[in-house]
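These notes are about the structure you will find just below.
Values in this text are rule-based calculations from the coordinates and carry no lab data. Predicted, not measured: the structure shown is a model, and the values here were computed from it. Here Cβ is always computed from backbone atoms with ideal geometry, including for glycine, and neighbour counts include all displayed protein chains.
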């Protein structure tokens, strides 16, 4: 499986997001001394909170999004490696706990043209489920269900 940072389609975008994280971390490490050099006031306290939000909170959001992007790329890699299944069949595999009944239902969906038998399909299903279940869960659904 490809390393996410090597995934060619998103490599420039991931690099830019990582650079943004580094920039935000740099700003976060600097603003505290600058803010503390100001006269004590409500405005100083507010600007400190705004800097915290603009650096730490933004970096946290970007970090979670990067983790999700990496997970989604890994999902795409798994799907690509098993492209012989339709999207609905693949969803059935990753969304249904393994059982001989489940594998039999999938075998029926594949039809008579399939080269699989219960004995050959079962380990494929277990492999896909193992890889899929080893992935991190998404931090947010972004309006989509996390399958």
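Points to keep in mind about this one:
- Paramagnetic reach from residue 86 in the range 113-142 [backbone N under 18 Å; point 7 Å along Cα→Cβ]: 113-116
- Label-point separation, residue 134 to residue 112 (7 Å along Cα→Cβ), nm: 3.8
- Simple label model, 7 Å out from Cα along Cβ direction - residue 33 to residue 65, nm: 3.0
- Paired Rg and Dmax values of the chain, which use every Cα atom, in angstrom: 23.0, 79
- Relative contact order computed over the chain (Cα-Cα under 8 Å; 6+ residues apart), in percent: 25
- In the range 7-83, Cα pairs under 8 Å separated by at least six residues give a relative contact order of 40 percent.
- Distance from the range 112-133 to the range 22-70 (C-alpha centre basis), Å: 48
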